[in-house]
1. Pull up the stretch 136-168, narrow it to residues that are of a type in the set (D, E, K, R) and crowded, with 22+ Cβ neighbours inside 10 Å, then point me to the one that is farthest from Glu221 (Cα to Cα).
2. Taking the stretch 270-295 only, how many residues are within 23 Å of Arg325 (Cα to Cα) and either surrounded by 16 or more Cβ atoms within 10 Å (Cβ to Cβ) or among the aromatic types (Phe, Trp, Tyr) (or both)?
3. Within the stretch 157-168, take every residue that is of a type in the set (Ser, Thr, Tyr) and in a loop (DSSP other than H, G, I, E, B) and give me the one that is nearest to the chain's Cα centre (by Cα).
4. Name the single residue, out of those in the stretch 98-135 being among the basic types (Lys, Arg) and in a helix (DSSP H, G or I), that is surrounded by the most Cβ atoms within 10 Å (Cβ to Cβ).
5. In the stretch 381-408, what residues are of a type outside the set (A, V, I, L, M, F, W, C) and touching a strand residue (DSSP E or B) at 6+ places or on another chain (Cβ under 9 Å)?
6. How many of the residues making up the stretch 300-315 are under 15 Å from the mean Cα position of the chain (by Cα) and buried (at least 22 other Cβ atoms within 10 Å of the Cβ)?
7. Can we say Lys346 is of a type outside the set (Gly, Ala, Ser) and modelled with pLDDT of 95 or more?
8. All but one of (1) out of contact with any helix residue (DSSP H, G or I) (no Cβ under 7 Å at 6 or more places or on another chain); (2) of a type in the set (Ser, Thr, Tyr); (3) not in a loop (DSSP other than H, G, I, E, B) hold for Tyr66; state the number of the condition that does not hold.
Amino acid sequence: MNYEEALQFIHSTYKFGSKLGLQNITKLTELLGNPQNSYKIIHVAGTNGKGSTSNMIHDVLMASGYKTGLFISPFLEEFTERIQINKKQIDRESLARITSTVKDKIDIMLREGYNHPTEFEVVTAIGFKYFQEQKIDLLVLEVGLGGRFDATNVVNNTLVSVITSISYDHMEYLGDTLEKIAFEKAGIIKENSRVVIYPQEENIVSTIKDVAKNKNAAIFEIKKEDIKKIKGDLTGQWFKYLKDDVFNLPVVKMNFLGEHQLYNALTALKTLEIVKNAGYHITEENIIQGFNSCRFAGRFEVLRTNPVIVLDGGHNINGIEYFSRAVKENFGDNKIILFFGMLKDKNPEDVLPFILPLCKEVYTLTPDNPRAMSASELAGLIREHSEIKVTPLDSYDEIIPLIKQLDKNEYTAFVGSLYMIGEVRMLLKNNGIF
């Protein structure tokens, strides 16, 4: 296989859908020699904030001198973003070679009567094998969907489990209450292990705690008062970590905006304390360096400041709520020009009350996904809820002339599905917008 053939094979498995359960991934990893047992794992589940928190942890571990893997999804611009070591994406040759090996093992599975693995199971297996080959020290492993029956939960070598912010998402798989969703996410917690819990509603936290207690896991519950924002601007936020029993940190700068990112940082710091207490060498200087260098495209990402152009992959009600707070926090009373696109199954009508009051004009886009709500349908939905001017765009190419005619004092945001955000980011970059 070459790289293009590997991608074609991987994406062709999309037709096998999302099947929660560990039977297939267990067999596939067994045939590969259980590569996931070759390194220690920080396992991260949640609805929102998984990617940001995972990147913060990864960058500090990298700054500490550890060869650190990072497995995230989805990707924004390049498929290889999903599998990284020390911020370097998997090379195309390795991806092609390992995909070919995985395909051979899948052929054995099919002959033995197993179902064909799903796309996510295939990608997970590829990542596990690559990380084994590269002899990493630690893997920061982001869950795909849920936790209990997610393909990543085939791992046993977990150093610490992390549960980030939980809200309504993927309810057809995870349940129709926050408690049911929290129970599924908490399924990554292992016997006699440790779990870090992002600060959130008590019913969610108590559900996670119940699972942890049943597994005799040590619980580390984050408290919002343990972090204090010192200042912020469009380049980032400066904060003081107030719980300094392990790390005695000065004021630290991070490149992420929004109050929720302070709590993601707090979650990352508590996780790093646990890793340090497990025998890994992490200093205050490593933390400062890791946070200073950490960036994550498409998460309230400021591409330009004159005019202000922001990209944010807030694709569900929780994400949009965080985005709206970040706008109020950083843009003052300035209204935004919004470019907006969502998937139908993310309940776009529920997020409109959060986002429309921030806007003076809206352009709608169709994300590149079979589950997308069309630009015209989304525009119609907005018109039902507001008298704001809304224009559906037939093509992403229509964005560039609109951006080029912006006044220097305008505030513009591209918000919604990550399938849209990735494509828009490439378009803006290729046209010299940033």
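1. First pass over the stretch 136-168, keeping only residues of a type in the set (D, E, K, R): 137, 142, 148, 150.
Going one step further and asking which of them are crowded, with 22+ Cβ neighbours inside 10 Å, we end up with 142, 150.
On the way: Glu142: 19, Asp150: 23 Å.
Top of the filtered list is Asp150.
2. 2
3. So in the stretch 157-168, the residues of a type in the set (Ser, Thr, Tyr) come out as 158, 161, 164-165, 167-168.
From what's left, in a loop (DSSP other than H, G, I, E, B): 164, 167-168.
Numbers: Thr164: 10, Ser167: 14, Tyr168: 16 Å.
Step by step, filter the stretch 157-168, then rank; the result is Thr164.
4. Result: Lys129.
5. Step one: list which residues in the stretch 381-408 are of a type outside the set (A, V, I, L, M, F, W, C), which gives 383-387, 389, 391-392, 394-398, 401, 404-405, 407-408.
Correct list: Arg383, Ser386, Lys389, Thr391, Pro392, Glu398.
6. The first filter runs over the stretch 300-315 and keeps only residues under 15 Å from the mean Cα position of the chain (by Cα), leaving 300-301, 311-315.
Next, only the ones that are buried (at least 22 other Cβ atoms within 10 Å of the Cβ) stay: 300, 311-315.
Within the stretch 300-315, residues that are under 15 Å from the mean Cα position of the chain (by Cα) and buried (at least 22 other Cβ atoms within 10 Å of the Cβ) number 6.
7. Working: of a type outside the set (Gly, Ala, Ser): yes; modelled with pLDDT of 95 or more: no.
In short, no.
8. (3)
The values are calculated or read from the model by the stated rules, or taken from the named source; none is laboratory data. As the structure is a computational prediction, the values presented were derived from the model and not from experiment. Ideal geometry is used to build each Cβ from the backbone, glycine not excepted, and the neighbour counts take in all protein chains shown.
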